[in-house]
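The values are calculated or read from the model by the stated rules, or taken from the named source; none is laboratory data. Treat the numbers as computed from the prediction; the structure is a model and nothing was measured. Positions of Cβ are backbone-derived with ideal geometry, glycine not excepted, and every protein chain shown enters the neighbour counts. Side chains are part of the model used for accessible areas, which takes the heavy atoms of the whole protein and leaves out ligands, DNA and RNA. Shrake-Rupley method; radii C 1.70, N 1.55, O 1.52, S 1.80 Å.
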Amino acid sequence: GYGVQGLTEDSLVALNKVQKVPKAPCVCLGPGTGLGEALMFWEESAQSYKVHPTEGGHVGFAPRGWKQRALQASVENQHGFCEMEHILSGSGLKRIYDFLRTDPETHRQGIETPDLEPAQISEAGLNDTNQLCRESVDLFLSILGAEAGNMGLKVLARGGVYIAGGVTPKLMPRMKMGAVLEEFLNYPNKKFHPLLKKIPLYAVIDEGVGLLGTKVYAKRFLLGIRQ
């Protein structure tokens, strides 16, 4: 969260290019080893944003469409429940791929489906050398876009929704093709589409954003801003 405040424009890719509202709420989410989510609200006394951590990565997964519902059922069969972090993380990408290659409703006859690790899945998906890997990456990004939209609605994040995390820079070529933005805007209740179109959406490509956050927080501490 604090790292986002120290980013320069060349560390961001605007996926929904609309004007930010100064001092409006912001949110950030970061798929990586797990799924981190945080809220940011402006503090007049500090003249900066205060970050509020959450356990949003552990809320229940809200699927859209039959394929995502089947994915949810597959994860529940393995773990007894399905939370967002089960899907939106490095291990979640593999979980999606394993689901697609074994589920009878989604399995494609004649398509090679070797056992792959997350890095191999993302590489093959981006290079378009494996159809199932490409589908796995696209499904992951669709779910990521939907969750980003959900977070944006919760706090009316006219200051921006920021997608960070270790997975984001690696999938950037596919993110730019529109899967994330499409689901970000495609909220099932269409009356909220005009609102979502006004919420800026960014992907963070600086992999050092966590370290940058330490620097920003240390500066706050030295200035006497304790929280």
Check: Any idea which of 2, 30, 119 is furthest toward the positive side of the dipole for the chain, if Lys and Arg beta-carbons carry +1 and Asp and Glu beta-carbons -1?
Finding: 2
Check: segment 84-106 to segment 1-78: how many Å between their Cα centroids?
Finding: 21
Item checked: Heavy-atom accessible area order for 8, 54, largest first, 1.4 Å probe -> 8, 54
Item checked: Shape of the chain, Cα gyration tensor, a/c cut at 1.5 -> prolate
Notebook entry, point to check: Leaving out ligands, DNA and RNA but keeping every protein chain, what accessible area does residue 96 have, in Å² rounded to the nearest 10, with a 1.4 Å probe?
Noted result: 0
Notebook entry, point to check: Roughly how many debye, to the nearest 20, is the charge dipole of the chain about its Cα centre, given +1 on each Lys and Arg Cβ, -1 on each Asp and Glu Cβ, and no other charges?
Noted result: 1020
Next item on the list: Quick one: accessible surface of residue 10, probe radius 1.4 Å, all protein chains present, in square angstrom to the nearest 10.
Entry: 120
Next item on the list: With everything on Cα atoms, drop me the angle between helix 209-222 and the longest principal axis of the chain, reported from 0 to 90° to the nearest 10.
Entry: 20
Check: When the distances between all Cα atoms of segment 131-174 are binned every 10 Å from zero, what whole-number percent does each bin get?
Finding: 24, 48, 23, 4
Margin query: With unit charges on the beta carbons (Lys and Arg positive, Asp and Glu negative) and the dipole taken about the Cα centre of the chain, which residue among 47, 70, 205 sits farthest to the positive side?
Written below: 47
Notebook entry, point to check: Relative contact order of segment 1-100: what whole-number percent is it, with Cα pairs under 8 angstrom and at least 6 residues apart?
Noted result: 23
Item checked: Helix 118-127 axis, angle to the chain major axis (alpha carbon atoms, nearest 10°) -> 80
Next item on the list: For segment 74-172, just the Cα set please: Rg and Dmax, both in angstrom.
Entry: 14.5, 47
Checklist line | Rg/Rh for segment 149-210, where both radii come from Cα atoms and Rh is the Kirkwood radius | finding: 0.99
Next item on the list: Pairs of Cα atoms under 8 Å, at least six residues apart: use those to get the relative contact order of the chain, whole percent.
Entry: 31
Checklist line | Cβ-defined net charge surrounding residue 79, 15 Å radius [Lys, Arg +1; Asp, Glu -1] | finding: -2
Next item on the list: Using only alpha carbons, build the gyration tensor for segment 4-48 and give me the equivalent ellipsoid semi-axes, biggest first, whole Å.
Entry: 20, 16, 11
Checklist line | Net charge dipole size for segment 10-89 [Lys, Arg +1 and Asp, Glu -1 on Cβ; Debye, nearest 20] | finding: 380
Next item on the list: Provide the solvent-accessible area of residue 26, counting protein heavy atoms only and rolling a 1.4 Å probe, rounded to the nearest 10 Å².
Entry: 10
Note to self: Just to confirm a number: summing +1 for Lys and Arg and -1 for Asp and Glu over residues other than residue 14 whose beta-carbon lies under 15 angstrom from that of residue 14, what do you get?
What the structure shows: +3
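Per DSSP H run of n ≥ 4, the term is -39500 (n - 2.57); total these for the chain, divide by its residue number, and report the mean residue ellipticity at 222 nm rounded to 500 deg cm²/dmol.
Details: 11 runs with 104 residues, N = 227.
Here the helix-only value at 222 nm equals -13000 deg cm²/dmol.
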Next item on the list: Principal axes first, then extents: for the Cα atoms of segment 61-129, list largest minus smallest coordinate on each axis, whole Å, largest first.
Entry: 31, 25, 20
Next item on the list: Between beta-carbons, use under 10 Å as the cut-off and find the net charge around residue 25, counting Lys and Arg +1, Asp and Glu -1.
Entry: +3
